[in-house]
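Reviewing the structure listed below.
The values are calculated or read from the model by the stated rules, or taken from the named source; none is laboratory data. A quick note: this is a predicted structure, and the numbers were derived from the prediction, not measured. Please note: Cβ atoms are built from the backbone with ideal geometry, for glycine as well, and neighbour counts cover all protein chains shown. Quick note on the areas: whole protein, heavy atoms, side chains included, nothing else; ligands and nucleic acids left out. Shrake-Rupley method; radii C 1.70, N 1.55, O 1.52, S 1.80 Å.
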Amino acid sequence: MRMRRRPRLARTTILAAVAVVASGLLLAGTVNGAGESAGRVAARAWHSIFPDHSKTALGKRMIVVLAAPSVAERVAASTSPPSASEEKQWTDDIRAMQASVVAALRERGIHVRPDLVFTHVLDGFSASLDGRAVAELERNPLVLGVYPVRAVYPAEAQTAGGPGQAARVALAGFDGSGISIALLDTGVDRTHPGLAGHVGRGHDFVDGDRRASPERSADEAAHLETHGTRMAGIALGVAPGARILPFRILGWQHTDSGEAVFGGGDLLIAGLERAVDPNGDGSTKDAVQVALAPVVEPFAAFVDSPESRAVTGATALGTLVVAPSGNDGDVGLHFGSVAAPGAAPDALSVGAVDTRTDVYETRMTLAVAGGTAADEPARLLGGVKTGRGMTLGVAGLLGPSLADPSRAADVEAGGSELRDFFDPSGVSRVAGRAAIVPADGSSLARKAANAKAAGATELLVYGTDLPAGALDLDNAGALPVIAVPGQAGNSAVDALRNGKGVQVAVGPTRPVGNGRAGRVAAFSSGGLAFDGRVRPDLVAPGVSLATVDARAARGARGERALYATATGSSAAAAVVAGAAALVKQARPQLDAGGLRAVLVGSAKPLGEASTREGAGIVDVSAAAEADLAVEPSSVAFGRGSAKQWSSSRTITVTNVSQRTLEVGFASVADEVGVPVGFTAAPATLKLGPGASAPVTLVISARSGLGAGASGVVIAIADGAAPARIPWAVGRSPDRALALVDSVSISNWEFEPSSAAPSVVAFRAGRADQNGDIEPVGLLQVELWTADGKKLGVIARLRDLLPGRYAIGLTGRDADGKVLPAGTYVLRLRAQPVDAEDGTPPSTAQTVFRIKERS
C-alpha cells in the first residue's frame, strides 16, 4: 500500500489568542421540520433509543502533530521492508525529537508534560496546554499543527439482556484462527464463558494498567461497562477462532450530570499505536491484522485530523481499521451525520442493516371516558412477549410530583426522572397500572426502567415513530413497552387532565413480518465525509444482535452468565471485523488496503443509495473469492456546480487472482435520469496475476450537478465477480450563507493585557434542523490597520464544527509585540473543508481600539 502524503498545514501563531472554546453543535432538537424527509423523521425517532452524549469537559488537552515522519510514513517510503531493529531505531529517533520540542519549551519557561506519546501511526503527543504553550508550539517549525482532543463515545444503543438474532455471517472452512482483532472500546470481561480463552489481557489506557477489564461506576456500583464485552461477543460470534486483544480507551468519566462512559481522541490514537505494536518494543512486526474501533466522535468527519492520520498510519503498517459510520441517520449528498474515526479515508466504515425477519405486535384497545380512542394492532417496542391479554387502568405523569412539587396540575412530565412517577408524598402513581408517557426524544430505556421501578405493569409511549422491537429490554425483568398513536395518546392524557378514567386492553403478542427487513436501519449514518467521500463503505447486520453481557457471573454461587442484544452501527462494525478476520485467514497475502478493497468491492447491493449502503451488505464468501481489488474503495469527485462541470479521480486496480484478467469499467447512478457522463482511461486493462494499474475516472455533466449525484463504479472482468466502488458528487454549497458571522467583542477599547483580554465571540460553520452541516476547515484571524494595511495573522484555527467560539485579544500583534495605541480591524476569514476545490472563504470583521497605557 502506498501511503498518501500528509498535507502541510498552515502555521498558527496565537500569542494574541488565549482561549478558544466551542459551545457545541447548533443542531435542532427532535422537532421535525416541515420539509423533512421521511427518512430523517425515522432517524430522529431512534434518538430516544441511543444514549445522549454527555457534555464533556476535556479541558485544555490537545494533540500536537509533528512534521517529522512517523514510523508508518517511513515504512511506506521504504523500497524494502525495514527490519525490526530499524523500526526500533526510528522509534527512538522520533521520541528524541519529541523530547527536544518539549525541552525547547522548558527553556522558555513553559513546562509541558506529554500524557500520551505517538510514534508509529502518528508522530506526536497529547498534553494539557495553555495559550502560551500552543502559541510556541505552532511557531515551532518541527510542529505540523495542534488540535483539540475530541470526545469519543460508544456507538451502540442503551440495551439490556434479552433474546437476539445471530449475524449469520460465516465462511465455510474458516473460523478466524491465527487472526488477532484489537478492540478499542471499554474493558472486556475475559472470564465470561462465551469469551474465555479468546481474549488477551490487553491494556487499559484510561487507568494506565495492563488489565483491560470492565469497570463499575464510582457513582453507582451497579452500573458496569458493557459495550466492549458485547462487541467482543459479536466479533467472536462471526470468527470464533480469532483472538481479541482489548484496549480500554473508554471508561467512566465525570460530567456535569454525573458519570458517563466516554474517552478522548488521544486515547483512540494510543489504542491504534498499541494495535500495531502490541508488545510495545518499537517494532510493528507483531501488528494485529484487524483493529475494531466501535466508537464515534459525532459529526467530526475531518480527514486531516490526528485520528484520521492515525488510521492511515495503522493501515500502512498492516492493520485494517474497522469503524462505524455513526447512529445519526442519513443526510445523503450533504455533510453531516458521519462520525470519526469511520470518516477517515483509510477506515473501513460500516453502517447497520435491519435483518430481523419478525417483530412483535399486540392488539390494543384504548378506552377514554367511555369511548374508544384506539382499537388496532400496536407495535411492541420492547419487553415481555406475553401469551395472554390484560386490561389495566392508565395513569399519566400530570401535576406535582416528588421531582417537582410545584408543577401545575395540567402539566405533563416526560418520565425521564424516577421521582416523576411518585406524587409529592412519595406514593407511586403507576403501581399496578399502565403508565403513559410522550415520545419527547429522551431515553425510552430510562423511562421504561423508571416505570418498572415505580411498579407499573406496562408502559405506553404515544407519538413515537420507532419500529417494533427497537427497544431491547430484558425479557425476564422488563415490562412491555407499547407504541400508541399520537392522537389517541393525546386524547388519553387530556381525559386524565379532566379527571376522567382511561383503560387499556392489550391482547397476546404475536410475531409479524418485519417490513424493514433487509433495509438499512434508519439510525445508520450515511452521507459524505468532509472530503466528499461516501460513507459508509458497506453495511452489515446491526439491529438486535445476540451477544454476551459483561454483567455475567464472577463466582457467586447460583449466578448465571447473562446474554444480551446489541443495536447500532458499532454492532455492525463488530460483524465486519469478524468477517475481515475470516477473509484474512482465507487470503493471508492481502495487506490491510487489499483486505478493505475486497470486502467493499464484493459487497452485495441492497437497492438503496450508495450514501445509505455504500457498496452493499458484506458478503464474506464473495470477498474470499474476489479477483479484483480497487483502491481507494470509494471515490469523492468533489462538489458539483450548476454550470457545465467535470471532475476526475484516479483509482488503482489490482488483479488478486491467479489468472490474467481483462478489466472494463461502467458506472451506475443511484437515481434514474441523472445527467452524468462517465469515462475511464484506459477503458480496458489487461492484468496478469498480482499486477496493478492506475485508471482515471471522469464524471461530467453538461447541465451541471448542483444537486449532486452518487452511484457506483463497477470494474468488470470475464469470469470474475464485479468489484463495486461507491462514488459521489456533493451538492454545491449555498454561498449566500456565511461560514463566519455574528462577531461581537466584550470591550472594544482596552489596554494591552494578558491577564484581562478582551473577548471576541463569533459563530463559525453552520447547521440546519435536518442535521446537514458546513464545518470550517481553516479559520484565520487577521489583524489590519484602520486604513487597510494587513499586519499579519494572529490566529489560525482548524477543523471547527458549527458552534460559537471565542478568542481573547491581549493587545499584541502576530509576533507577540504590544500594539501601539490606535484603531484596528480584526478580520475573520473562514475556509470550507473543501477549499482546495475552489469554494471561496467567508469573511466577517470587528473593530477595536488600543488605549494608551495608564
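Go through the range 378-479 and name the trypsin sites (Lys or Arg not before Pro) that are in a DSSP coil and have 10 or fewer other Cβ atoms within 10 Å of their Cβ.
Numbers: sites: R379, K385, R388, R407, R419, R429, R433, R446, K447, K452; in loops: K385, R388, R407, R429, R433.
Sites meeting the loop and neighbour criteria: R388.
Going 7 Å from the Cα of S648 along its beta-carbon direction, which residues of the range 677-718 have the amide nitrogen within less than 16 Å of the resulting point?
677-684, 694-701
Just to check, using Stokes-Einstein with a Kirkwood Rh over alpha carbon pairs, what's the diffusion coefficient of the range 335-444 at 25 °C and 0.890 mPa s in µm²/s?
The estimated diffusion coefficient comes to 137 µm²/s.
Would you mind pulling out the separation of the Cα centroids of the range 789-854 and the range 586-655, in Å?
For the range 789-854 versus the range 586-655, the Cα centre distance is 42 Å.
Compute the distance in nm between two label points, each set 7 Å from the Cα along the Cα-to-Cβ direction, one at L142 and one at N490.
The two pseudo-label positions are separated by 6.6 nm.
Take S647, S742 and sort them by solvent-accessible surface of the protein heavy atoms, 1.4 Å probe, largest at the top. Numbers along the way, then the final one.
Working: S647 15, S742 70 Å².
From most exposed to least exposed: S742, S647.
Between S703 and A756, what is the label-to-label distance in nm when each label sits 7 Å out along the Cα-to-Cβ direction?
Here the answer is 6.4 nm between the modelled labels.
So if each residue of separation counts as 0.36 nm, and I subtract the Cα-Cα distance between D358 and T660, what length gain in nm does that give?
104.2 nm
Under 11 Å from the Cβ of S401, count the other residues' Cβ atoms, weight Lys and Arg +1, Asp and Glu -1, and hand me the total. Provide the component values of the computation, followed by the final result.
Details: positive: R407, R419, R429; negative: D404, E412, E417, D420, D423.
For residues surrounding S401, the net value is -2.
For the pair A683 and D209, how long in nm is the line joining their label points, each one 7 Å along Cα→Cβ?
Using points 7 Å along Cα→Cβ, the separation is 6.7 nm.
What whole-number distance in Å separates the alpha-carbon centres of the range 175-195 and the range 407-460?
Here the answer is 39 Å between Cα centres.
Using only the Cα atoms, what convex hull volume per residue in Å³ does the chain have?
Here the figure is 182 Å³ per residue.
Return the aspartates and glutamates within reach of K817: Cα separation strictly under 16 angstrom, same-chain partners fewer than 8 residues apart disregarded; answer none if there are no such residues.
E136, E751, E782, E852
Which lysines have a Cα less than 28 Å from the Cα of K285, not counting those fewer than 8 places away in the same chain?
Once the sequence-local lysines are set aside, what remains near K285 is K88, K584.
Multiply the residue separation of R735 and V847 by 0.36 nm, subtract the distance between their alpha-carbon atoms, and state the gained length in nm to one decimal.
Length difference between fully extended and current span is 37.8 nm.
Determine, for each peptide in 236-243, 213-220, the mean count of other beta carbons within 10 angstrom over its residues, then list the peptides with the highest first.
Order by mean packing, descending: 236-243, 213-220.
Packing-wise, with mean Cβ within 10 Å as the measure, how do 85-98, 516-529 rank, highest first?
516-529, 85-98
Counting alpha carbon pairs within less than 8 Å and at least 6 residues apart, what relative contact order, in whole percent, applies to the range 566-664?
Reported as a whole number, the value is 23 percent.
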